[in-house]
């Protein structure tokens, strides 16, 4: 019996990039989405370098620049100035903001660290002193408690039970969009749910009464069409009886946000995740470390954005100071 092995290599990429992406997947256990992000960044980087070094015509369409001919000697010539020139190009010609450029810095650091420490192609790492652009922290956009209730009350129609369950899980559990779409029924056990998050890491979500009831109500409707369902394990099913996809969820969230009369298009599934985290922090007396575990953040610094959204709590903290009443009438 012959086995046809599908190549993991992209023939349009330099060999060194293919090797690096393979390393990320097989050794570091990075998710497909993360690997694709690195791939996009490095493809842009090497296309830029060929343009920057005058190796292609300035009139050529950027996305048509070939990079699969790049060799070790080409990479050895890369220096810190080249890296900063690339970041300037990303900002000025590709409209990359500070977040996108910070991601590119992380990609370059990881790539050149691999070439220096693992592949042994480089004797020195040119990205060792590469600095990341300053990122101004932004408070998350979220629904208030009243707006959240208004959104839930706006859910009607043929798929009411399914859509109500989706919105309920977003608002109560702080799930990522990919995590929600990937929920499997066997992973629901009593008041716990196991989801696969970033980096293919599993974590346990604890379900409250609202979530358990919403799931039970939806399953009663879903199971009526069990013979038609193609993915038997998938919790959320589309009108075509397949696992619901991200775009469909984005569209249904947008539909109900508009129906509820809430403020504009900013309320995506990710904003509902922000809402869940904010409500838990504001009303649930949840400490930041617990919130980090609930949301599946790798670093607590990511979770700390929620400590800045509750001005009322800060106001009350100041008022509770035992010296707050000690003042002179003079």
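The values are calculated or read from the model by the stated rules, or taken from the named source; none is laboratory data. From a predicted model like this one, the values you see are computed outputs, not experimental measurements. For neighbour counting, all protein chains shown are included, and Cβ atoms are generated from backbone atoms with ideal geometry for every residue, glycine included.
Of the residues making up the range 133-167, those that are surrounded by fewer than 15 Cβ atoms within 10 Å (Cβ to Cβ) and assigned to a loop (DSSP other than H, G, I, E, B) number 10.
With respect to residue 193, is the statement that it is buried (at least 20 other Cβ atoms within 10 Å of the Cβ) and farther than 18 Å from residue 152 by Cα true? Considered against the rule, which asks whether it is buried (at least 20 other Cβ atoms within 10 Å of the Cβ) and farther than 18 Å from residue 152 by Cα, residue 193 comes out as yes.
Every residue, every condition in (1) assigned to a helix (DSSP H, G or I); (2) farther than 27 Å from residue 300 by Cα; (3) at pLDDT below 95; (4) in contact with a strand residue (DSSP E or B) (Cβ under 8 Å, 6 or more places away or on another chain), yes or no:
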| position | (1), (2), (3), (4) |
| --- | --- |
| 175 | no, no, yes, yes |
| 214 | yes, yes, no, no |
| 264 | no, yes, yes, no |
| 281 | yes, no, yes, no |
